[in-house]
Ligand code: SF4
Ligand code: SF4
C-alpha cells in the first residue's frame, strides 16, 4: 500500500499538491505550522494510489511517497 508523508514544517501552503492529486485526497490543515502556513494533509490515505504527483509538484519537496512492492521506492529523498 502506498504511503504519503508530508513534512509539515517544510510546507508553505501553496496548495499545488491539492490540485495535482488525481484522487482529491489532499487538503489543507486547520492549524498553522511553525512558519505560519496552513500545511497539506492527506485526509484519506487509504485511497492513495502512489502516483507521486503531489511529491513531484511540490516546489519545496515537502512530500515523500513510498510504494511497497518488490522494492521500496522513495521520491524526493
Ligand atoms: S501519491 Fe498520488 S494519489 Fe497519493 S496523495 Fe499523492 S497525488 Fe494523491
Ligand atoms: S505543494 Fe508542497 S508547499 Fe505547496 S501546499 Fe503542497 S506540500 Fe505544501
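The values are calculated or read from the model by the stated rules, or taken from the named source; none is laboratory data. Predicted model only: the values in this text are computed from it and were never measured. With ideal geometry, Cβ positions are generated from the backbone for all residues, glycine too; neighbour counts draw on all protein chains shown.
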| note | Residue pairs qualifying under the 8 Å Cβ cut-off, at least six apart or on distinct chains, with the first in region 40-51 being more than 18 Å from residue 8 (Cα to Cα) and the second being surrounded by 12 or more Cβ atoms within 10 Å (Cβ to Cβ) and modelled with pLDDT of 95 or more, are 47/23; 47/25; 48/23; 48/25; 48/42; 49/23
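Go through region 51-77 and count every residue that is more than 9 Å from ligand 1 (Cβ to nearest atom) and modelled with pLDDT of 90 or more.
Adding up the residues that qualify gives 6.
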| message | Where the second residue is assigned to a loop (DSSP other than H, G, I, E, B) and more than 9 Å from ligand 1 (Cβ to nearest atom) and the first is at positive phi and lies in region 5-24, which pairs have Cβ atoms under 7 Å and are six or more apart or on separate chains? | response | 13/37
